[in-house]
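Worksheet: one structure, shown below.
Values quoted throughout were computed directly from the atomic coordinates according to the rules given, and no laboratory measurement underlies them. None of these values were measured; they are calculated from a predicted model. When we count neighbours, we look across all protein chains shown, and the Cβ atoms used for this are built from the backbone with ideal geometry, even at glycine.
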Amino acid sequence: MGNLLKVLTCTDLAQEPNFFLDFENAQPTDAERAVWDQVDAVLKDARGILDELQAYKGAGQEIREAIQNPNDEALQEQAWAAVVPLVGKLKKFYEFSQRLEAALHSLLGALTSETYNDPTQHLEREQALAKQFICYLYSFLQMTNPAIQNDFSYYRRTLSRMRINNVPAEVENEVNNELANRISLFYADATPMLKTMSDGTTKFVSENKNLPIENTTDVLSTMASVCKVMLETPEYRSRFTSEETVSFCLRVMVGVIILYDYVHPVGAFAKSSKIDMKGCIKVLRDQPPNSVEGLLNALRYTTKHLNDESTNKTIKSMLQ
């Protein structure tokens, strides 16, 4: 614990604080194994989901042609035939988000338990679980695809017209109206998987009233602080064996800031926040611009409290 505290409080780099959160090599201990195995199974499936999302092309062209030519039945049928198989994929992505939330609760339960008295102890002694939590964030910050909402909106509009005209639609057996409403709400957000994490973390806090909210927010703020220090300190950064790990660390820092901002009553940008937002933004600004613009946009557009009156003007300016 002492090493981590030195990293978080050190103002003189000559002291050479020696804590290093090992993103690349952390392995589960026997105490972590049960939760680690449960979450690992979900993360393995997450890789396939990510691949499918990245390969998702959508039916944009077919939909545009159908909308532009509403009386052309052949084009309407082509668009419907293109969209229906995609709906099965979108249902799969949505159902996976429900599994993610359940696994997230297991992770948070382990990382915020009263086994240790301080979040720094959790991160030092449960590095494999911390890494898994981080893998979630790293993946979900990439999970965006504007074609999805367009496809599902067209599906729902067309299905509604078919009902009015008493045209049977077998796809309703797989995605009924109630499920379609839930899926539509899920995809209405610009970053639906990240929202799943934010909502899941908030739900975890509300359902575990025996655990002080600080147990959760302190773990998040500590993760952000460790990432910031490792990125801005040459001694630590030089230990990364790949630039991919730098990117990983940047995404983690932004991800936990977003979660903290949703879960903490006053958010990440308030003066009382335990996250050094100016320092974190500076770390992002110090990277090649093309590599972090998406992360800066995540802070600009997916946080909850940035535009509060209590947010320091300097922070707002740094994100303009």
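Just a few scattered comments:
- Peptides 250-259, 228-237, 311-320 ordered by average Cβ neighbours within 10 Å, highest first: 250-259, 228-237, 311-320
- Förster radius 22 Å - calculated FRET efficiency between Lys209 and Ala102 (Cβ-Cβ, nearest 0.05): 0.70
- Judged by the mean number of other Cβ atoms found within 10 Å, the most tightly packed of the peptides 41-53, 291-303 leads the ranking 291-303, 41-53.
- Extension gain, Gln287 back to Glu73 (0.36 nm per residue minus Cα-Cα distance, nm): 71.8 nm
- Cα-Cα over 29 Å, subset of Lys195/Lys274; Lys44/Lys195; Lys89/Lys274: Lys89/Lys274
- Compared with the alpha-carbon gap, the fully stretched path from Gln38 to Thr233 is longer by 66.8 nm at 0.36 nm per residue.
- ³J(HN,Hα), Karplus 6.51/-1.76/1.60, whole Hz, each residue of segment 251-257, x for Gly, Pro: 5, 4, 4, 5, x, 6, 4
- Label zone (Tyr301, point 7 Å along Cα-to-C-beta; backbone nitrogen cut-off 13 Å) within segment 180-204: 189-192.
- Additional length obtainable on full extension of the chain from Lys274 to Leu179, 0.36 nm per residue less Cα span: 30.3 nm
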